[in-house]
Amino acid sequence: MYIELDLGTRKTSIFYREFGVGTPMIFLHGGWGYDMYAFDNQIRDFHQNLRILIPDRSGYGRSSRGAVFPRGFHRRAARETIAFLDALEIERAVLWGHSDGAVTAALIGIESPDRVHGIVMEAAHYDRRKPGSKRFFETAVTNPDKFGEKAVSILAREHGEDYWRKLMENHGQAWLDIHYGWQDPEQDLYGGRLAELSVPSILIHGSEDPRTEPGELDAIQALLPQVSIHVIDGGGHSPHSEHRVHGESNRIVGEFLAELKGISGTES
C-alpha cells in the first residue's frame with residue numbers, strides 16, 4: 001500500500017506493509033532497508049493483538065527515492081514517521097525500531113511522547129563517532145559489492161539494480177559525515193537529550209553486534225536507568241530476524257507489551 005505525505009519542504013510517496021489488528025505497532029527499519037532483516041517472525045507472533053505497520057522510509061524500497069541523506073537523517077525520519085501516523089489517523093502507537101530505526105524511535109519518544117505507547121529499541125546506536133564501523137561505512141561508499149553475494153542479491157531485489165549501490169553510498173556517507181562531525185557539542189545522536197526519554201521503553205541487543213562501540217550500552221543505561229537492557233547471548237545486529245535468537249527477542253518484547261496499559265489484548 002502507498003500513502004502520500006506532505007512534509008512541508010518536500011512531498012514523498014511511502015510504501016508500507018500492514019498485518020493484523022489491534023493497537024498499532026510501527027516497525028522502523030535500519031540503514032539497509034527492510035528485506036535484509038525482515039519482521040516475519042514478529043508478524044507471525046504478534047499479529048493477533050497488534051496492527052503491524054512497516055513503512056519503507058523515503059529513499060528505500062518502493063517509497064520515493066532520495067538523492068542524498070543529510071547528516072541529520074534520523075531526525076528527518078522521525079518527522080516522516082509522525083507524518084505517517086497523521087496520514088493514517090493514528091493517535092498513538094508502539095514503536096519497534098531497529099538500528100537507525102531505534103535512534104528514530106527514541107527521538108520520537110523524546111520529542112512527541114504523546115504519540116507513543118512504548119518503544120522497543122533494537123541494536124540502538126548512541127555514539128556519533130563509530131571507529132569500529134568506519135571501514136564498514138567506507139565500504140558502503142566505495143565498493144558495496146564486497147558485502148557478499150547474498151547481501152547484494154537482497155539489496156538489488158528490494159531497492160532496484162539501478163539504485164541499490166547509490167543507496168548504500170548515500171547511507172554510508174551520511175554515517176561518515178556523522179562520524180567526522182563528532183567534535184560537535186553533542187557527541188551522541190540525540191542532541192544530549194536521551195535522558196528526557198520518559199515513555200515506557202526497553203532495549204534489546206545482540207551480544208555479538210558488530211556495530212556496537214565499547215561503552216555504548218553503558219552510556220545508554222546511565223542516562224536511562226529505568227529502561228531494561230536485554231543483551232541476547234549469541235545475537236548479532238538483528239536479533240529479531242536471526243534464527244537462533246528471534247524467539248528470545250519475541251519473548252522479551254511480548255512481556256514488555258503485556259506490561260503496557262491500553263494495548264489491545266495485552267493489558268496487565
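Figures for the structure shown
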read-out	value
Gained length - LYS150 relative to ALA258, 0.36 nm times residue gap less alpha-carbon distance	35.2 nm
Global geometry of the chain, whether rounded, prolate or oblate, following the gyration tensor of its Cα atoms and the 1.5 cut on a/c	rounded
3J(HN,Hα) from dihedral phi, the stretch 87-103, Karplus parametrisation 6.51/-1.76/1.60, rounded to Hz, x for glycine, proline	5, 8, 6, 9, 6, 9, 8, 7, 10, 10, x, 10, 6, 3, x, 5, 4
Size of charge dipole - the chain - debye, nearest 20, with Cβ of Lys, Arg +1 and Asp, Glu -1, no other charges	560
Gyration tensor verdict on the stretch 68-127 (Cα atoms; rounded if a/c is under 1.5, prolate if a/b is larger than b/c, oblate otherwise)	oblate
Cα-centred dipole magnitude for the stretch 112-268, charges only on beta-carbon of K, R (+1) and D, E (-1), debye, nearest 20	220
Distant-in-sequence amide H partners of ILE263 (H built 1.01 Å from N, under 5 Å)	none
Estimated [θ] at 222 nm from DSSP helical runs (n ≥ 4, -39500 (n - 2.57)) normalised by residues in the chain, nearest 500	-10500 deg cm²/dmol
The chain: antiparallel DSSP beta bridges as a percent of all, rounded to 5	30
Net charge over other residues, Cβ less than 15 angstrom from the Cβ of ALA124 (K, R count +1; D, E count -1)	-4
Proximal lysine pairs, the chain, alpha carbons under 29 Å, eight or more residues apart or interchain	9
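Taken together, the values in this text are just the output of simple stated rules run on the coordinates, not laboratory data. Owing to the predicted nature of the structure, the values given are computational and were not obtained by experimental measurement. Glycine also receives a Cβ, built like all others from the backbone with ideal geometry; neighbour counts cover every protein chain displayed.
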